Each structure stands twice: as structure tokens, then as C-alpha cells.
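The values are calculated or read from the model by the stated rules, or taken from the named source; none is laboratory data. Because the structure is a prediction, the values reported are computed rather than measured. Glycine also receives a Cβ, built like all others from the backbone with ideal geometry; neighbour counts cover every protein chain displayed. Accessible surface is based on the protein model in full, side chains and every heavy atom, while ligands, DNA and RNA are left aside. Shrake-Rupley method; radii C 1.70, N 1.55, O 1.52, S 1.80 Å.
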Amino acid sequence: MTLLKAVRGTRDLLPPETELWERVEATTRRVFARYNFGEIRTPIFEDTQLFARGVGEETDIVSKEMYTWEDRARAQSEKSQSLTLRPENTAGVVRAYIEHKMGETGLLQKLYYIGPQFRRERPQKGRYRQFWQIGAEVIGPPSAGSESPLRDAEVLEMLASFLDELGISGWTLVLNSVGCSTDRPRYVAALREALAPVKHQMSEDNQRRAETNPLRVLDSKDPSDEAIVANLPKIADYLDEASKAHFAAVLAALDACGVQYEVNPRLVRGLDYYTRTTFEFTHGGLGAQNALLGGGRYDGLSEMLDGPKAPGIGFAMGLDRLILTLQAGQAESAPTLADAFIAPLSESLNAEALALARDLRRAGLRIDLGDGAFRIKKSFEIGNKLARKIVLLGEDEQRSGILTVKNFATGEQTKIPRGELAQALQNS
Ligand code: ATP
Ligand code: MG
């Protein structure tokens, strides 16, 4: 028989590394709550149509990266249905927004999520087939101010504060405006025109994109096409007055709170739903997969999914890449030691040891528990690996109610009455 392994592009996250993941998640919840975001949890799989329509048929994600299967009907009354593991979460959030008529509150909805996403990509450092995203969306009817450039700036400022609070420095915010339904068609037409005489010199992928979705050519990572891409028209020259004013207001608000940025007129991002502001935060320490997060405004997405007019802005952050950044240059984290290891000295004391452990745990201590079947030497060896102190529970201790506690770091041994043990372990 062959040994079963985690599937290519997926991996197990084990302690103590998971403690770092928990810390990042806790920081997310704490910081996002200050901006009055609430958590949303959408299903991990959805109707394939949601992504085909919401993310765009011509995107890399939908055209080649999705895990899709035909879900068999279980009864005659049911139809089989094409389902897909979510490759991203914005489409799911907007579906939920529409389904639960959140727009009818008249308020902005500020929602965040933390969860796994799935894309069939070539696995490499910082790129997996199951990866985690932390994302947030601000969405609502125009009357709630959802189109305001202040929303864009607030989200970007939140991200800057979040990364600062995590202790990640050295990031770069790159942003651009990709226009909207009124000015973008003119730009796309200009791109098509500029690409027509040169596209045959480009990679196969870009030749196809030049036909189906010319904006995607700008997003190309193919170095051989770089020179052609550099000479294509710039979107900034095609923005109408409203889009220009919107972008200028975003930049002014960022300036006002000291968030540094670079404007990159080539940044279009890989998803079709973006309008106006698009952005990425990159980090030099990540190598080829240098994007920590990406996002932007999606004023037409709800309508693309047959929902009400509900402009919005959001982002998705690669949690795996945040972790890689935090780990770089850091010593491998050591496992957290328990406050005490309880060692019953005979099997007849096991039950008593469990009761003692329960009392200490209820007092908030981190406790590990041995077994009376272990010889005392073995208890010390295990205890020394797992905990800062060992508490011995033998016949004498049971009779007298006074426990022997040894501190592994100092070698100091003390006798402590059972009733005072929790306090004593807490204080040292
Ligand atoms: P990339 O250019 O790196 O492929 P993307 O444009 O496909 O990123 P988005 O779809 O915007 O990325 O996702 C937002 C973030 O999610 C990315 O910036 C990245 O940090 C993370 N991410 C995307 N795909 C993966 C993956 N396969 N493995 C790990 N993280 C990923
Ligand atoms: Mg990608």
C-alpha cells in the first residue's frame, strides 16, 4: 500500500506554527472590529455560475484554476448541479448581501472573512492550491455613501494600521484607477487598437487575452511581453472627469493620514469585477509571489449577479504570505510550555491527578497530565519537555494535601498546599 499524503498544493499546519496563525487571526479580529466590521462566513462551495458571472469567464481563475464538479442528483426531483470550491470570497459575500437583502437596511455593510480558498495553480513558495485569505468588503446602496472615495481611503488606512500592528514593515501600497462603465470601454477599445498590430509577437496566453479581454494583458506576468505592454496606452489618459476626481480624492485622504503609496497605471488586477480604485500591497521579502494582498472597488458586481445597485470596495489578503513574511528572519518559534505537568506517582492516583488538573485548568492555567504507569524518571523527562514545572502527586502528597513542585529552569523544589497551588503557579 502507498502511504497517503496531503494532496499536492495543500499542507498541514501544525503547532507551534499554528500559534502564529492564531495571533494573526486575533489581530485581524481586533483591528477590524475597531473599524466596526462584522464577520461573515459563507459556504466553501457555491454554484459554479456565481464565479463564472461574478469573477469573469475570461479570468485565469475561472478559465483554468477552479475545482468544479457535477454534483449528482440524489432524487428524481433534484437536478444535478455544477458546484465549485470557492476560489475567492468576494462573489460569495455579494451573493449573501443580495440573498439576505442587506441593502434594505439602507446602511453600509462592513463585512470581513477569514477562510480557505481553492485554486488549481502550480504550487510554489507562497502559492498553494488550498490557501487562506483574510478579506473585507464595504458594500451598500449609494445613498449610504458606498461610492464615496472616503470608503476607499478608510479601507486602505485600515490595512496600513493592520500591517503596522502585526509588525510587518517594508510593504508598498501600489494603486491605480481602472475607470468605470462609462470611461473604461473607450480605454479597452484603445487597447484593442494598440494590440492589433503587435499581438502576434506575444505569448499565446496574451494573444488570447488580446481578443477576449485586453485589460488582462496588462496583468500579464510574462517577461517576454514586457516591452510591448510598457508601450500600451495608459488608462489614466482615458479616465473621465468623475473617475479622475474620485481617484484624486482617495489620494488626498491617504495623504491626510500619512499612508504612503505609489500610483502604477498598469495595475489592473486579475478579476473582472473591479472598477475605479484597484490596489495591491507588495512586500520585497516574498520573492516572486510578492503580493501580500489585492483589492479594489466593484461598483457593478451586485448588478452583475442580478442584485440591486450596491457599489462596494474590498480586499483579500494572503494569510499564508503574511505568515511567510512574519517568519522571515525570525527564529523558528518554540512550542509554548505548559504552566505545569502533573505527575501521579502510581496508577491508583490517576483519578485524583485528573481532578487536580481540572481545578488548575479551571483557574486558567495551562496544564498537562502524565500517567501513574510512568516511572518517575520518565515523568520528569516528559514534564521537562512540555512544562515549566512538575507537580508530583504521590501517596504522601495525597494524604497530607501538600504537593511537591519543581521548577525545571531553576531546579528549585517547593512544597505547596493544594488549595494554594493555582495561585502559586500563576504567580511564578
Ligand atoms: P497572484 O498575482 O499572486 O496570483 P492574485 O492576483 O491571483 O495573486 P487575488 O486573487 O487578488 O490574487 O488574491 C488576493 C491575495 O491572495 C493575493 O495577493 C495573495 O496574497 C493571495 N493568494 C492568491 N492566490 C494564492 C495562492 N494560490 N496561494 C497563496 N496565496 C494566494
Ligand atoms: Mg493568481
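Here are some notes:
- Test result for residue 103, in contact (Cβ under 8 Å) with a residue 24 or more places away in the chain, touching a strand residue (DSSP E or B) at 6+ places or on another chain (Cβ under 9 Å) and assigned by TED's automatic domain parsing to the domain that holds residue 290: yes
- Search result, residues across region 120-136 that are farther than 30 Å from residue 37 by Cα and either within 8 Å of ligand 1 (Cβ to nearest atom) or not in a strand (DSSP E or B) (or both): 120, 121, 122, 123, 125
- Region 154-200: number of residues that are within 14 Å of residue 281 (Cα to Cα) and touching a residue at least 12 places away in the same chain (Cβ under 8 Å): 17
- Single condition residue 238 does not satisfy, out of (1) away from ligand 1 (no atom under 16 Å from the Cβ); (2) within 22 Å of residue 138 (Cα to Cα); (3) among the aromatic types (Phe, Trp, Tyr): (2)
- The residues on offer are 349, 365, and the sole one that is assigned by TED's automatic domain parsing to the domain that holds residue 421, under 20 Å from residue 419 (Cα atoms), in contact (Cβ under 8 Å) with a residue 40 or more places away in the chain and assigned to a helix (DSSP H, G or I) is 349.
- Of 63, 82, all but one fail to be away from ligand 1 (no atom under 12 Å from the Cβ) and under 11 Å from residue 46 (Cα atoms); the exception is 82.
- Residue that is nearest to residue 86 (Cα to Cα) [pool: residues in region 131-142 that are buried (at least 17 other Cβ atoms within 10 Å of the Cβ) and not hydrophobic (A, V, I, L, M, F, W, C)]: 133
- Taking the criterion of being touching a Phe, Trp or Tyr at 6+ places or on another chain (Cβ under 8 Å) and either part of a loop (DSSP other than H, G, I, E, B) or without any contact (Cβ under 8 Å) to a residue 40 or more places away in the chain (or both), the only residue of region 238-250 that qualifies is 239.
- Taken over region 88-119, the criterion of being within 14 Å of ligand 1 (Cβ to nearest atom) and farther than 16 Å from residue 313 by Cβ is satisfied by 92, 114, 115, 116, 117, 118, 119.
- Some residue of region 282-291 being hydroxyl-bearing (Ser, Thr, Tyr) and either away from ligand 1 (no atom under 16 Å from the Cβ) or modelled with pLDDT under 95 (or both): no
- Odd one out for residue 335, checked against (1) within 30 Å of residue 133 (Cα to Cα); (2) crowded, with 20+ Cβ neighbours inside 10 Å: (2)
- One residue alone among 309, 377, 385 is in contact with an Asp or Glu (Cβ under 9 Å, 6 or more places away or on another chain) and charged (D, E, K, R), and that residue is 309.
- Yes/no for residue 89 being in contact (Cβ under 8 Å) with a residue 60 or more places away in the chain, within 20 Å of residue 155 (Cα to Cα) and within 16 Å of ligand 2 (Cβ to nearest atom): yes
- Region 230-260 - residue that is charged (D, E, K, R) and surrounded by 12 or more Cβ atoms within 10 Å (Cβ to Cβ) and, of those, modelled with the lowest pLDDT: 234
- Whether a residue is out of contact with any helix residue (DSSP H, G or I) (no Cβ under 7 Å at 6 or more places or on another chain) and in contact (Cβ under 8 Å) with a residue 12 or more places away in the chain was assessed, and residue 204 does not pass this test.
- Residue match in region 346-355 (condition: of a type in the set (S, T, N, Q), surrounded by fewer than 17 Cβ atoms within 10 Å (Cβ to Cβ) and under 29 Å from the mean Cα position of the chain (by Cα)): no
- The residue that is nearest to ligand 2 (Cβ to nearest atom), among those in region 184-225 that are assigned to a loop (DSSP other than H, G, I, E, B) and in contact with a Ser or Thr (Cβ under 7 Å, 6 or more places away or on another chain), is 222.
- All conditions but one from (1) aliphatic (A, V, I, L, M); (2) in the same structural domain as residue 286 (by TED's automatic domain parsing); (3) over 30 Å from residue 45 (Cα atoms) apply to residue 136; the one that does not is (3).
- Hits in region 320-370 (condition: of a type in the set (D, E, K, R) and more than 16 Å from ligand 1 (Cβ to nearest atom)): 332, 339, 347, 352, 358, 359, 361, 362, 366, 368
- Members of region 143-189 that are open to solvent by less than 40 Å² (accessible area, probe 1.4 Å) and charged (D, E, K, R): 152, 183
- Residue selected from region 368-395 under the condition open to solvent by less than 60 Å² (accessible area, probe 1.4 Å) and among the β-branched types (Val, Ile, Thr), by the criterion farthest from residue 420 (Cα to Cα): 382
- Considering 23, 41, 34, the condition of being closer than 30 Å to residue 337 by Cβ, of a type in the set (Lys, Arg) and in the same structural domain as residue 84 (by TED's automatic domain parsing) is satisfied by 23 alone.
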